[in-house]
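The values are calculated or read from the model by the stated rules, or taken from the named source; none is laboratory data. Since this is a predicted model, take the numbers as computed values, not measurements. Every residue, glycine among them, receives a Cβ derived from its backbone with ideal geometry; neighbour counts consider all protein chains shown.
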Amino acid sequence: MCGRFANAQPRAWLARLFGAVPLEGTDAPRWNIAPGMEALVLRCKPGSLERHLDYLRWGLLPHFIADPARARRPINARAETVATTPMFRDAFAHRRCLVPADAFYEWRRGPAGKTPYAVARADGQPLALGGIWEGWRGADDTVERSFAILTTGANVTMAPIHDRMPVVVEAADWPVWLGEAPGDAAALLHPAAEGVLRVWPVSRAVNNPRNEGAELLAAVGVEGKS
């Protein structure tokens, strides 16, 4: 699964990296993005093949939901069933996106409790996590845009920590994933290749989503003590 991630890169830099229309304004680095928060998402807007970086809320609210106040808002969708589950299948077919992340966090259970780990690309580039997005329109025509991150089985690097991991989409596959080029998006729903990721333990301060700061990604002892 994926329940927390960091994205501290400037929006203008990410727009250049992803070939996206720049998003105006500035914002603060985010080191501890949690469910329910807004995060930058790369998508092709409907009716256009232009890539845009936009802020969407983490926790998918499908367009067909009648009462958002009572809706379940999943933060993850399983790769094995995303194409067939009613809540996700339309978004997977038509509204796939990429979620930029410097790293995501995962927790390993042990005798001393849950130890948090950070997971990032070994080459130092941002992760592009596979996601789906939705736009829910209210009776007053207000629109809430939201997203979920797709997960798949863990690779050898991740398996000692958790049996699931986010789908990591490589740059060569971005056009297919975003629907810009023909191809089988379902074929991209696999664990990251070995050697793509690196993993290290971090402070338990990351457990509290109110905590922010670059120190959350600093490596600590294996017990997660700062």
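A few notes on this one:
- Top-ranked residue in the range 154-184 [being closer than 20 Å to PRO116 by Cα and in contact (Cβ under 8 Å) with a residue 60 or more places away in the chain; ranked as farthest from the chain's Cα centre (by Cα)]: HIS162
- Candidates in the range 7-36 are the residues that are hydrophobic (A, V, I, L, M, F, W, C), in a loop (DSSP other than H, G, I, E, B) and more than 21 Å from ARG96 (Cβ to Cβ); of these, the one that is modelled with the lowest pLDDT is ALA28.
- For the range 132-183, taking the residues that are assigned to a loop (DSSP other than H, G, I, E, B) and polar (S, T, N, Q), the one that is nearest to ASP90 (Cα to Cα) is identified as THR142.
- If you go through the range 172-191 and pick out every residue that is closer than 23 Å to GLY19 by Cβ, touching a strand residue (DSSP E or B) at 6+ places or on another chain (Cβ under 7 Å) and surrounded by fewer than 16 Cβ atoms within 10 Å (Cβ to Cβ), you end up with 1.
- Residue in the range 82-97 that is part of a helix (DSSP H, G or I) and surrounded by 19 or more Cβ atoms within 10 Å (Cβ to Cβ) present: yes
- Of the residues making up the range 139-153, those that are touching a residue at least 12 places away in the same chain (Cβ under 8 Å) and of a type outside the set (Val, Ile, Thr) are GLU144, ARG145, SER146, PHE147, ALA148, LEU150, GLY153.
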